[in-house]
1. To the nearest 20 debye, what charge dipole does the stretch 1-130 have about its Cα centre, counting +1 at the Cβ of each Lys and Arg and -1 at the Cβ of each Asp and Glu?
2. If each residue of separation counts as 0.36 nm, what is the full-extension length gain between ALA284 and SER119 once their alpha-carbon separation is subtracted?
3. What ranking, highest mean first, results for peptides 262-272, 125-135 when packing means the other Cβ atoms within 10 Å averaged over each residue?
4. Beyond 23 Å, what share of the Cα-Cα pairs of the stretch 127-215 remains, rounded to the nearest whole percent?
5. Treating only the Cβ of Lys, Arg, Asp and Glu as charged (+1, +1, -1, -1), what charge dipole size does the chain show about its Cα centre? Round to the nearest 20 debye.
6. Under 5 Å between amide hydrogens, which residues at least 5 positions from TYR39 or on another chain qualify, with H placed 1.01 Å from N in the peptide plane?
7. Quick one: 3J(HN,Hα) in Hz for the stretch 131-147, Karplus 6.51/-1.76/1.60 with θ = phi - 60°, rounded, Gly and Pro as x.
8. In the chain, with Lys and Arg counted as +1 and Asp and Glu as -1 at Cβ, which of these residues, GLY195, LEU69, SER82, has the Cα nearest the positive end of the dipole, that is, farthest along it?
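Values in this text are rule-based calculations from the coordinates and carry no lab data. In this text, all values refer to a predicted model and were calculated from it rather than measured experimentally. Every residue, glycine as well, gets a Cβ built from its backbone with ideal geometry; the counts of neighbours run over all protein chains shown.
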Amino acid sequence: MKRLVALVPLAWLGLFFLIPFVVLTKISLSEPAIAQPPYLPVVDWADGILTVALNLGNYIFLTEDPLYLVSYFSSVKIAAISTLFALLLGYPMAYAIARAPERRRGLLLMLVILPFWTSFLLRVYAWIGLLKANGPVNNFLLSIGVIDQPLVMLQTDFAVYLGIVYTYLPFMILPLYATLSKLDVDLLDAAADLGARPATTFLTVTLPLSLPGIVAGSMLVFIPAVGEYVIPALLGGPGTLMIGSVLWNEFFLNRDWPVAAAVAIVMVLVLALPIAILRRVQAAQEDRA
C-alpha cells in the first residue's frame, strides 16, 4: 500500500520533471541550426547507422561569456537578499499568528493568503502605480515635507527586492506558522521558571526548534526568486540582470535553444544545492527527534 501511495508523486515527478529535464539536456548538447526546431538532433539514424553527436561547446560558452556568470551571480544575490528580508518580516508575523487566540488564527491566515486571490500580474502592476514618480508614495512623502523632489524608486533594484519580498512573503509565513504553532508552550514556561529572559528563551528554545520552518520557508522563497522574470522585467531597470531575462532572450529573441537549454540546466544544478542542504537539515532534525 505504501509503495502504491508513493507511486503517484513519483509518477508526477517523472512526467513533469524528469522527462522535461532529459529533453532539455538533450537540447543543451546539440548544435544550433536554422530549422524548425532550431537545433540539430543529438541522436540520428540514417542509412542504418546510429550516430551520436554530443556538443559540450554550449556549456563551455557559458564559462567564456561573462554575461552568464554575472547573471547567475546577480540572480543568486537578489534571491538571497530577498529571502533574508522575507524571513525578517515573515518570522514575527508567523510568530504572532501562532501565539494569537485560536479563534483568530483562521482570519489572520486568510489575510496572509488573500493576495493570492488576485492576479500575480495585477499585483506587480499595482506596485508600478505606487512607486512611480507621481505615485501615492512620492505624493505622500512630498506632502509631509520628508522629501523635496520625487524619489526614483521604479526601475531600480529596490523595486525588484520589494516586489519579490511582497510576492513570496506568504511562502515564508506559512511554513514558519506550521512549525511555530506546534511548539510546546511548556518549554517556554520551563525556560522562564529557570530564570531565562525572553530574549534568551527565544534564542535558545524558540529559534532552534523553528529551524525546519525557517529552512523550508527560505527555500520556498529563494528557489522561485532565482528564476524570476516578470518582477525584474516590470519593476527593474536596464541594469537589473537576472537569469530569467537571459533565458527569455536566448529562447525567443536569439532563438539559440541549445545555449538557452544549457543555461537552464546549470540553473537547475545551482538550485539543487540549497535543496540538498534542506534535505540534510531536515534529516538532522529527524535524527535528533
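1. 1180 debye
2. Numbers: separation 165, 0.36 × 165 = 59.40 nm, distance 3.85 nm.
So the chain would gain 55.5 nm between ALA284 and SER119.
3. Values: 262-272: 18.2, 125-135: 15.1.
Highest to lowest by the protection proxy: 262-272, 125-135.
4. Working: 2054 of 3916 pairs.
In whole percent, the long-distance tail amounts to 52.
5. Details: 16 positive and 17 negative charges, 179 e Å.
The dipole of the chain has a size of about 860 debye.
6. Here ALA33 satisfy the definition.
7. Each residue's phi maps through the Karplus curve to give 9, 5, 4, 9, x, x, 5, 5, 4, 5, 5, 5, 5, 9, x, 6, 10 Hz.
8. With unit charges placed on the Cβ atoms, the residue in question is GLY195.
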